[in-house]
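To keep things clear, I will list the structure first and then write my remarks on it.
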Amino acid sequence: MATSAEGAGIVPHPRDTLAADGDGGAATSASVKDLPVRTVDPDITGLPPASAAPVEPAALVEADIRAGLASTFDDVVANVRRAYVGKDGTVRLALCCLMAEGHLLVEDHPGVGKTTLAKALARSLGLTFGRVQFTADLLPADVTGAMVFDRDSGRISFRPGPVFTNILLADELNRASPKAQSALLESMEEHQVSADGVSHPLPHPFMVIATQNPYDAAGTFPLPHSQRDRFLLRLSLGYPDRAAEDELLATALTRPTPDSLPGVGGAQFLSTFAGAVQRAHVAPEVRGYVLDLIGETRSHPDLTVGASPRATLSVLRAAGAVAVSTGRDYVTPDDVKLVAEPALGHRVVVHPAAELAGITASTTIEEILSRLVVPVGGFR
């Protein structure tokens, strides 16, 4: 039975669209032509009638919105934890990474719940989910999609790959070749895929959750520094404690799967939360604290590569998401401390001599935080 190009998820190339409109004629997009005309209400600037209800102060409205965002955020975390038995702080940071419109790198042993966490996040927010198992023979087109010849239409068209989703789980990213790894760079940075000179936008929001096993280097290709720098946060799920693992065993038959979770937060929640993160106030004292932290990573004797300007922005974005998740519209030094290691640990490079002495990026960042002067007050 023949399958149409539209049903197979094939996007016609603009060159084919022009050719179908005739010779020399200008092609007109039906989607643009059929758009409704927006009109402006002439009375929109007029004063409200005397009988209208009193308007609440903007500050009270903003406070109610922030309280609602924090409450929904907690509901999403609780919903994820119905399927994922793990640390509450890990789930909150992973959700903050998504709300800050960033990407997440998870480094840990197999079997600790990375896929479950990613699926539960997508399902709880009503987002689409895709998964790619990265292997040594994976090609870039297997991730982004490719130009194919469609026999039904007789045209060369673009067939989207699994990257066209809201949350993409790039499982064992470091097992793929550098060529396949680089297929994600444009998607992560520009939120689009280019094929045959045409850019195809990805769905919004778009988040990559990449996993890698740092303890097994056989047959792997370590991520280059430029690609690690594109991940907003890096987390390690770790082994569950005894009580959590006992809960995992006790609820093995009754615990819901990620696919069966109900949606808690929707598109309105995502867009409102992202807007609140962008508007979160960062006082000059907090900015100075972040700049002191970044500057120390660039001059520390145990580090050969410090944090980049992109890392500076990442710290503030992640800290802003943490602030909004607690109902605040301003960032504090405690927010910066919470995200400092997840945002910087994968971006700095430890000196080989220090690495031989057992020094890691995480311990170095903790040491820097321990001796930085923390500003007090005046953050609103």
From the residues in segment 162-179 that are modelled with pLDDT under 90 and part of a loop (DSSP other than H, G, I, E, B), which one is farthest from the chain's Cα centre (by Cα)? Ser177
Within segment 266-280, is even one residue within 22 Å of Ile209 (Cα to Cα), assigned to a loop (DSSP other than H, G, I, E, B) and modelled with pLDDT under 90? yes
Whichever residue in segment 216-243 is among the hydrophobic types (A, V, I, L, M, F, W, C) and open to solvent by 30 Å² or more (accessible area, probe 1.4 Å) and, among such residues, is modelled with the highest pLDDT: Ala243
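Any residue at all in segment 285-302 that's at pLDDT 90 or above, part of a loop (DSSP other than H, G, I, E, B) and in contact with a Lys or Arg (Cβ under 9 Å, 6 or more places away or on another chain)?
First, pick out the residues of segment 285-302 that are at pLDDT 90 or above: 285-302.
Now restrict to residues that are part of a loop (DSSP other than H, G, I, E, B): 300-302.
Subset that is in contact with a Lys or Arg (Cβ under 9 Å, 6 or more places away or on another chain): none.
Checked against the condition, which is being at pLDDT 90 or above, part of a loop (DSSP other than H, G, I, E, B) and in contact with a Lys or Arg (Cβ under 9 Å, 6 or more places away or on another chain), segment 285-302 yields no hits at all.
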Check Gly263 against each of (1) in a loop (DSSP other than H, G, I, E, B); (2) at pLDDT 90 or above and name the one condition it does not meet. (2)
Hey, Val77 on the phi < 0 side of the Ramachandran plot, out of contact with any Ser or Thr (no Cβ under 7 Å at 6 or more places or on another chain), assigned to a loop (DSSP other than H, G, I, E, B) and hydrophobic (A, V, I, L, M, F, W, C) or not: no
Please verify whether Leu316 is open to solvent by 30 Å² or more (accessible area, probe 1.4 Å) and closer than 22 Å to Val282 by Cα, treating the condition exactly as stated. yes
Any hit, segment 194-207, residues being β-branched (Val, Ile, Thr) and at pLDDT 90 or above: no
Select from segment 248-279 the residues that are farther than 25 Å from Pro203 by Cα and surrounded by 14 or more Cβ atoms within 10 Å (Cβ to Cβ) and list them in ascending order. Leu248, Arg255, Pro256
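The values are calculated or read from the model by the stated rules, or taken from the named source; none is laboratory data. All of these numbers come straight from a predicted model, not from anything done at the bench. Glycine also receives a Cβ, built like all others from the backbone with ideal geometry; neighbour counts cover every protein chain displayed. Keep in mind that these areas ignore ligands, DNA and RNA; they rest on the heavy atoms of the full protein, side chains included. Shrake-Rupley method; radii C 1.70, N 1.55, O 1.52, S 1.80 Å.
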